[in-house]
Amino acid sequence: MEHMARVAVITAPNIGYRNTGMLTVDLAFESLRRRMGTGLDATWYTLHTPETVPLRECARGTRFPFRFHPLAEHLDSLRDHDAVVFWGDFLHTRHYLAQDATNRLLDFGFAADRDAARGLLNRTLLFADQPDDLLARTLSYGGTILHNTQSDYEDKEYGPLFFRLVTRSHRVWVRDPLSAAKIAHLRKDRTTDYFGSDAALLSRPGDLDHLPATQWSRSVPEGGAIGVFLGARTPVPDWLPAFCQGLSDRLGAPLEWLPWFNRDVPGAVSHIARRPGDHTIGDLLGVLPRYRLVITDTYHLAVNAWGAGTPAVCVGAPEPTPKTHDDYLTLSDVKKHVFHMAYDATDFYLSTREGHGQDIDRLVRLLEGGGADAVATRIREHADHSAAAFTETLASLLGTPRPTLAP
């Protein structure tokens, strides 16, 4: 019987499937697996499974193409796989290990104290106890070390383990060019292209049509609408509601609330109508290519909108200096700004510092004159190039036929 290649996929935990953007990251690996057509058998692992808490209402009943296993309980089984893939997010940054990951392990009773949590994270995400031969068949795609600094590497616990993982892994792609420069320094390799796209972008338009959807996502008004989701990551500045309405008036497209997360509409934009009826996860993704524009403060909504060919106006605050140990750097607005800078898309990135009434004219020109399409094409071309590099490398590592990713 022909051997089916076994790949272990390790992702960030998404409890209750509350975070739609993180779900699109996971779905993108399945999109690639389907398109590769090489019969890969993927086993999914995460620190704590989505079912740790009740599933988000719009995700209930959806048959996702994966089921997660708790990583710590199955760590030894990684060695039975032909390859291991770390997929997306901040999994290897010191601030994530010390903040988000440790706190969640304590919250859900997976560790008795912070020292125990860090020990568990060292074993699961930094492979402290894994042999070199496992690292040699390990890939990492779509992560980021944007906020890592020299003081992180001087941490006697984190530094050596991180350096070993990064330098001995088979191949690494990170989702932003600054992290790519850091990886090049660490691996002492100035010729390899370490800049991959955000993993969510590796789903092409149409790849996620297998997710159940309803009339909710198909009933966009004729001429399009503007999807708005604000207040989740950045406080809504005073000038923004009028700015949204100004864009709506100029484009002749109504504003509507896009419930990317389950949360109340902020008071500042409470006049924006919700679309009636219940929606599914498939609806949240299926509506994106039908929008004329998306306005958001949320990183992965902007990423997915651009990936669907829909321009995103992204709002972010000037970067503050973290004040406490609990100011999560994973939620910093820097990642949003860097993403748009990487693709010459900063016309669409607005700082909360001051009003942007004058930017409406520029945005309308870009939307109506083809500039937004040029940005979307740039993002898509990079994602397709990066997908080909990843799948070719994975196939080579597995000894399977070189895949052809059809358009």
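Go through the stretch 252-297 and give me each residue that's at pLDDT 95 or above, of a type in the set (A, V, I, L, M), within 27 Å of residue 25 (Cα to Cα) and not in a strand (DSSP E or B). Answer for the stretch 252-297, where residues must be at pLDDT 95 or above, of a type in the set (A, V, I, L, M), within 27 Å of residue 25 (Cα to Cα) and not in a strand (DSSP E or B): 258, 281, 284, 285, 287, 288. How many residues does the stretch 8-58 contain that are polar (S, T, N, Q) and closer than 18 Å to residue 386 by Cα? Summing the residues that are polar (S, T, N, Q) and closer than 18 Å to residue 386 by Cα in the stretch 8-58 gives 2. Among the residues of the stretch 147-173, what is the count of those that are part of a loop (DSSP other than H, G, I, E, B) and either within 27 Å of residue 111 (Cα to Cα) or polar (S, T, N, Q) (or both)? Summing the residues that are part of a loop (DSSP other than H, G, I, E, B) and either within 27 Å of residue 111 (Cα to Cα) or polar (S, T, N, Q) (or both) in the stretch 147-173 gives 8.
Looking at this structure, is residue 88 touching a residue at least 60 places away in the same chain (Cβ under 8 Å), buried (at least 18 other Cβ atoms within 10 Å of the Cβ) and out of contact with any Lys or Arg (no Cβ under 7 Å at 6 or more places or on another chain)?
Yes.
Can we say residue 61 is open to solvent by less than 10 Å² (accessible area, probe 1.4 Å), on the phi > 0 side of the Ramachandran plot and either modelled with pLDDT of 95 or more or not basic (Lys, Arg) (or both)? No. Taking residue 220 as the residue in question, decide whether it is of a type in the set (Val, Ile, Thr), under 25 Å from the mean Cα position of the chain (by Cα), under 18 Å from residue 309 (Cα atoms) and not in a helix (DSSP H, G or I). Taking the combined requirement at face value, the residue does not satisfy it.
Contact annotation: residue pairs with Cβ atoms under 6 Å, 6 or more positions apart or on different chains, pairing a residue in the stretch 232-246 that is assigned to a loop (DSSP other than H, G, I, E, B) with a partner that is open to solvent by less than 20 Å² (accessible area, probe 1.4 Å), are 232/298; 233/297; 233/298; 234/297; 234/315; 234/316; 236/230.
A count restricted to the stretch 146-177 and to residues that are of a type in the set (S, T, N, Q) and touching a residue at least 12 places away in the same chain (Cβ under 8 Å) stands at 3.
Taking the numbered list (1) within 18 Å of the chain's Cα centre (by Cα); (2) assigned to a strand (DSSP E or B); (3) closer than 30 Å to residue 250 by Cβ in turn, residue 227 passes all entries but (1). No other residue among 238, 249 is modelled with pLDDT of 95 or more, more than 18 Å from the chain's Cα centre (by Cα) and either open to solvent by 10 Å² or more (accessible area, probe 1.4 Å) or not polar (S, T, N, Q) (or both) apart from 249. For the stretch 74-92, the criterion of being in contact with a strand residue (DSSP E or B) (Cβ under 7 Å, 6 or more places away or on another chain), farther than 25 Å from residue 165 by Cβ and modelled with pLDDT of 95 or more is satisfied by no residue at all. The set of residues in the stretch 184-216 being surrounded by 12 or more Cβ atoms within 10 Å (Cβ to Cβ) and in a helix (DSSP H, G or I) consists of 184, 186, 187, 199, 200, 201, 202, 216.
The values are calculated or read from the model by the stated rules, or taken from the named source; none is laboratory data. Please read these numbers as outputs of a predicted model, since none were measured by experiment. When we count neighbours, we look across all protein chains shown, and the Cβ atoms used for this are built from the backbone with ideal geometry, even at glycine. Accessible surface areas use protein heavy atoms only, side chains included; no ligands, DNA or RNA. Shrake-Rupley method; radii C 1.70, N 1.55, O 1.52, S 1.80 Å.
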